[in-house]
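Before any comments, here is the structure.
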Amino acid sequence: MFLTSFFCYAQEKETVLAKINLANSYWQTNNKPQVRAFWDHAAYHTGNMEIYKLTKNETYRRYSEDWANHNQWMGAKSTDTTEWKYKYGEKDDYVLFGDWQICFQTYIDLYNIKPEEYKIARAKAVMNYQMSTNKSDYWWWADGLYMVMPVMTKLYNLTGDKKYLEKLYEYLSFSNSIMYDEKAKLYFRDAKYVYPNHKSSNGGKDFWARGNGWVFAGLAKVLADLPKNDPHRKEYIKIFKSMAFAILNSQQKDGYWTRSMLDSQHAPGPETSGTAFFTYGLFWGINNGILKEKEFFPAAKSGWNYLSQTALQNDGRVGFVQPIGEKAIPGQIVDASSTANFGVGAFLLAGCEYYRFIIAEK
């Protein structure tokens, strides 16, 4: 019995590793690293760095370092603080907009591998400036919680400056006040989508899967780095666990989540990015003793089965990724050829966390 279980786990471990390597190699072979440091590329690199931690494959590390060098270890590049903005913007003066700050996660990870101050100088300068302002509404959309929350905990661990953790709580409290639904235990994408001002096709609350995936995965990353004695840790865990139950209850029978989580007919069919972030978060919660394995493993494993058997194509393409957007769109085509950098990054996160589960079980 023991030998059979050992063999099964060993075989599964190799299968999972082969699949995440296939997906990552396909992406890197077909996409150069010399692209901007905006959120979609940066989200991919959070997954790439996760698989590097597992495999120590130097090709993966170099790919992220080439990307960082191309971007001069910066996000948005303006140096004039008087023009820095944080509403939506893709130009270099939107330095305080979280979509330009997620790159700091990877820069810090690369710094931790080989500490060189230039890798994190911009991250510290930008975040310290931001924390010196009297604003608290920087994270006004759900995606921003994945983009920047982990930057705060990573910088705290580098510097020991508790202001990063204090501002993390302050900014998240604002986000919760405008986006978090206490009854559903899920997040609206932003204030525009709060019910009843916005409704799904069937008149219900419209919770975008990828938006909630950003938050759920972001909370997992924060909890991984947060000190055990942080005064708000229990509150973060409560939100994470409550979301986990809502995620569990909205999963489709084939393992995926639909784009509108509580209205499967609003935009029916599988979607990979939200599913991957949920799968990652569920496995992370199990692996770290926050979620009960007996209760959550079937959903996490079903999510991985969808990701590895339906979303992942034979050549390594990760399909069924909803294109860049901010909501579930009725009639939008999402199929096996629909791929995107951030979807690959989420797939890698999920696979790496399942791999860690297998190792622990063995």
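The values are calculated or read from the model by the stated rules, or taken from the named source; none is laboratory data. For clarity, every value in this text was computed on a predicted model and none was experimentally measured. Cβ atoms come from the backbone with ideal geometry, glycine included; neighbour counts cover every protein chain shown.
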Filter result (over 15 Å from Gly285 (Cβ atoms) and either touching a strand residue (DSSP E or B) at 6+ places or on another chain (Cβ under 8 Å) or crowded, with 22+ Cβ neighbours inside 10 Å (or both)) within segment 214-261: Trp214, Gly255, Tyr256, Trp257, Thr258, Arg259, Ser260, Met261
Helices (runs of 4 or more DSSP H) wholly inside segment 272-362 that include at least 3 residues being modelled with pLDDT under 95 and touching a helix residue (DSSP H, G or I) at 6+ places or on another chain (Cβ under 9 Å): 341-361
Tally, over segment 107-141, of residues that are aromatic (Phe, Trp, Tyr), over 26 Å from Lys53 (Cβ atoms) and in a helix (DSSP H, G or I): 1
Residue in segment 91-101 that is of a type outside the set (D, E, K, R), within 25 Å of Cys352 (Cβ to Cβ) and surrounded by 19 or more Cβ atoms within 10 Å (Cβ to Cβ) present: yes
Matching residues, segment 217-264, being under 24 Å from Phe342 (Cβ atoms), in contact with a helix residue (DSSP H, G or I) (Cβ under 9 Å, 6 or more places away or on another chain) and charged (D, E, K, R): Lys221, Asp225, Asp254, Arg259
Residues satisfying the stated conditions in segment 20-49, i.e. surrounded by fewer than 22 Cβ atoms within 10 Å (Cβ to Cβ) and in a helix (DSSP H, G or I): Asn21, Leu22, Ser25, Tyr26, Gln28, Thr29, Asn30, Asp40, His41
Qualifying residue in segment 172-182 (condition: surrounded by fewer than 24 Cβ atoms within 10 Å (Cβ to Cβ), touching a residue at least 60 places away in the same chain (Cβ under 8 Å) and touching a helix residue (DSSP H, G or I) at 6+ places or on another chain (Cβ under 6 Å)): no
Flag if Lys53 is under 17 Å from Ala123 (Cα atoms) and of a type in the set (Lys, Arg): no
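Residue by residue, here is whether (1) touching a strand residue (DSSP E or B) at 6+ places or on another chain (Cβ under 6 Å); (2) over 29 Å from Lys114 (Cβ atoms); (3) among the acidic types (Asp, Glu); (4) assigned to a helix (DSSP H, G or I) holds:
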| residue | (1), (2), (3), (4) |
| --- | --- |
| Met147 | no, no, no, yes |
| Met152 | no, no, no, yes |
| Leu158 | no, no, no, yes |
| Asp161 | no, no, yes, no |
| Lys167 | no, no, no, yes |
| Glu170 | no, yes, yes, yes |
| Ser173 | no, yes, no, yes |
| Ser177 | no, yes, no, yes |
Residue that is surrounded by the fewest Cβ atoms within 10 Å (Cβ to Cβ) [pool: residues in segment 133-167 that are farther than 23 Å from Ala209 by Cα and hydrophobic (A, V, I, L, M, F, W, C)]: Leu158
Only listed residue being at negative phi, in contact with a Leu (Cβ under 7 Å, 6 or more places away or on another chain) and in contact (Cβ under 8 Å) with a residue 40 or more places away in the chain, chosen from Asp190, Asp230: Asp230
Residues being part of a loop (DSSP other than H, G, I, E, B) and either within 21 Å of the chain's Cα centre (by Cα) or β-branched (Val, Ile, Thr) (or both) - total across segment 192-231: 5
